[in-house]
1. Step through the residues of the range 93-108 one at a time and calculate ³J(HN,Hα) from phi using the Karplus curve (6.51 cos²θ - 1.76 cosθ + 1.60, θ = phi - 60°), rounding each to whole Hz and writing x for Gly and Pro.
2. If each residue of separation counts as 0.36 nm, what is the full-extension length gain between residue 65 and residue 165 once their alpha-carbon separation is subtracted?
3. Write down the Kirkwood hydrodynamic radius of the range 40-173, to one decimal in angstroms, obtained as one divided by the mean of 1/r over all alpha carbon pairs.
4. If you take the beta carbon distance between residue 39 and residue 121 as r and set R0 to 41 Å, what does 1/(1 + (r/R0)^6) give as a FRET efficiency, to the nearest 0.05?
Amino acid sequence: MRPVVRLKPRLSVSCAVAVVLCMTGCSMSAMTAASTPPTHLQRAKVFLAAGDYRRAVEACRQEVQEHPSARSYLYLTYVYQALDAHVEWLAKADHWVAMEHLYLNLSSGGPEELLDPPNVLARMAKEMIQASARQQADVTSELATRLDPSVVAVVWPQQTAWRKAKPEGWWFTVPPEWAW
């Protein structure tokens with residue numbers, strides 16, 4: 001039979017108070033962190049990781065709208081280029097069902113599509129998505145260059161190095177220097 005360990009009343013009360021304070025402090029810091037909404041770029045990074053390019057584009061467009069700068073335009077350009085690269089990878093890997101899903105993700109606008117879903121052949125979707133993504137990337141890149149060519153000179157080499165470092169899947173995240 002094990003001996004029963006009895007704590008002194010002061011020690012047990014102190015332990016209980018410490019536990020309550022720790023739990024309260026931990027939950028308060030968690031609540032503080034949870035109450036700070038993520039930035040548009042932080043949301044875009046999560047959407048990229050999920051392969052949700054529609055929402056990633058939307059988040060970067062909101063960043064451009066609220067904080068217009070050469071960097072914000074370049075970040076939007078990067079998302080368009082990431083979409084283009086992902087589409088190309090899906091096609092090369094012969095993942096046509098995933099291509100259809102990507103098309104549906106990009107075209108979805110709401111619950112009404114449950115009643116009237118868009119039907120597009122995957123190879124047609126590839127061409128449409130890539131042509132649009134490339135065109136939009138060119139436009140936003142040009143806008144960024146007009147705003148601040150020196151920022152473009154810094155950001156483009158970062159993303160080029162990132163692509164070389166992660167040739168299979170760079171499109172699911174951003175270079176670490178960007179700190180989204």
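Nothing in this text is a laboratory measurement; each read-out follows from the coordinates by a stated rule. None of these values were measured; they are calculated from a predicted model. Every residue, glycine among them, receives a Cβ derived from its backbone with ideal geometry; neighbour counts consider all protein chains shown.
1. 7, 6, 9, 6, 5, 4, 5, 4, 5, 4, 4, 4, 4, 5, 8, 5
2. This chain segment gains 32.9 nm when fully extended.
3. Final number for the Kirkwood radius of the range 40-173 is 15.4 Å.
4. 0.65
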